[in-house]
Amino acid sequence: MCKEEMNEQKDILILAIESSCDETAAAVVKNGREVLSNIISSQIALHTLYGGVVPEIASRKHIEKINQVIEEALQTADVTLDDLDAIAVTYGPGLVGALLVGVAEAKAISYAKHLPLVGVHHIEGHISANYIENKDLEPPFICLVVSGGHTHLVKVQDYGVYEILGRTRDDAAGEAFDKVARAIGLGYPGGPKIDKLAKEGNPDAIAFPKAKIADSPYDFSFSGLKSSVLNYLNGAKMKGETVNRADVAASFQKAVCDVLVSHAITAVKEAGMDKLAIAGGVASNSTLRAAMETACEKNGIRFFRPSPIFCTDNAAMIGAAGYYDFKKGVRSGLDLNAVPNLKLGER
């Protein structure tokens, strides 16, 4: 009996690698939902010096850290490379140089240990993070993916089968958070800092706009909101008025969350479903999580969200997504390459 036939009868262990941006991460995941280890080496402190992620620096740091992170993931899980059934790795979207480090490492291990290689879409990983702690969650459901680079409203029809209902026309939600945080002097990373400061402010102090796109009701646009905040700040400066930064943060955050919640709830209802999940870095925002939970309770919708550690970039989510791809027979060759602009559903 070959190794892949035996996989149907025994636990499946996957080593997952994530290096799409500024976290070097490795994890060992059993049967798609049990995390044996989840090691993350963050570069936030380094990139904070520059006010954002510097791609070249990120790539160099990945090279320095990736072997250490993988070794720690294996040790923490108490397994060796010989115990594994497959290697899963993020191959897009993301920063091309950063992605290449993870892809090259995964291909090297796959070749050396004769292990199947599974290339995973980064957004699919974020969606699959919901499977880790929600053992009863299965498709179909609606998932709102909100991160620094992506804002997607997705119908998860089956494992690995997605229909994008809506997406941002300009800035992603996380990108808007970073830009507004910089404008009010909070620095990088913007999301957590705005979330913290907003707790001290009045979310109804300033009426910032909430964009709606007539021909695409599920699409998002945050560029106008960002511009409105900048105009408010510039206007106050010209008039010599003191700006209450907490009020600005709270009012901006409320405008973003109101739109995200409204679109997501409408999508679930119109799809005739009763399950909604959120994913991505912005999904760890406390105001968004609370607003979404309240809206779901009001509308009789079951609400799923990963713990914050599984919202930000991590390898456990890649292992979860890789498991279901692996079970469906998805295999990548040693010619697997980084695809920085990879679309969800493409291979």
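Where a number appears in this text, it was derived from the coordinates with a stated rule and is not lab data. This structure is a prediction, so every number in the text was calculated from the model and none was measured. Neighbour counts are summed over all protein chains in view; Cβ atoms, including those assigned to glycine, are modelled from backbone coordinates with ideal geometry.
With the biggest extent put first, the Cα atoms of segment 29-168 measure 41, 39, 24 Å across the principal axes.
If each residue of separation counts as 0.36 nm, what is the full-extension length gain between residue 163 and residue 204 once their alpha-carbon separation is subtracted?
Values: separation 41, 0.36 × 41 = 14.76 nm, distance 3.48 nm.
Difference between extended and current length: 11.3 nm.
Going by the alpha-carbon gyration tensor, a ≥ b ≥ c the square roots of its eigenvalues, is segment 279-347 rounded (a/c under 1.5) or, if a/c is not under 1.5, prolate (a/b greater than b/c) versus oblate? Since a/c reaches 1.5 and a/b is larger than b/c, the shape of segment 279-347 is classed as prolate. Label-to-label distance for residue 11 and residue 335 is 3.7 nm, based on points extended 7 Å past Cα in the beta-carbon direction.
Shape verdict for the chain, please, from the Cα gyration tensor: rounded (a/c under 1.5), prolate (a/b greater than b/c) or oblate. Walk me through the numbers before you get to the answer.
On the way: a/c = 2.27, a/b = 1.56, b/c = 1.46.
Because a/c hits 1.5 or more and a/b exceeds b/c, the chain counts as prolate.
Calculated mean residue ellipticity at 222 nm for the chain: -14000 deg cm²/dmol, from DSSP H runs with n ≥ 4 weighted as -39500 (n - 2.57), summed, divided by the residue count and rounded to 500. Computed extension gain for residue 46 through residue 274, at 0.36 nm per residue and net of the alpha carbon distance, reaches 77.9 nm. Cross-link check: pairs 30/343; 212/254; 199/275; 212/298; 210/239; 193/254 evaluated at a Cα-Cα cut-off of 19 Å; pairs beyond the cut-off: 30/343; 199/275; 212/298; 210/239.
At most 11 other C-beta atoms within 10 Å and a DSSP loop state: those are the exposed GluC sites (Glu not before Pro) I care about. Give me the longest piece of the chain that has none. Display every interim value, and only then the final one.
Numbers: sites that count: 8, 241, 346.
Looking at the chain, 9-240 is the longest stretch - no exposed GluC sites (Glu not before Pro) with at most 11 other Cβ atoms within 10 Å.
Count the net charge of all other residues whose Cβ sits under 9 Å from the Cβ of residue 313, scoring Lys and Arg as +1 and Asp and Glu as -1. The answer is -3.
Quick one: of the DSSP bridges fully inside segment 1-147, what percent are antiparallel, nearest 5?
Working: 14 of 23 bridges.
Antiparallel: roughly 60 percent of the beta bridges in segment 1-147.
Tell me the net charge near residue 324. Cut-off is 12 Å between Cβ atoms, residue 324 excluded, with +1 for each Lys or Arg and -1 for each Asp or Glu. Net local charge, residue 324 excluded: -1.
Does a label point 7 Å from the Cα of residue 299, set along Cα-to-beta-carbon, have any residues of segment 226-267 with amide nitrogen under 15 Å, and which are they? Zone members listed by number: 257-267. Considering only DSSP beta bridges with both partners in the chain, what is the antiparallel share in %, to the nearest 5? Counting DSSP beta bridges with both partners in the chain, the antiparallel share is about 60 percent.
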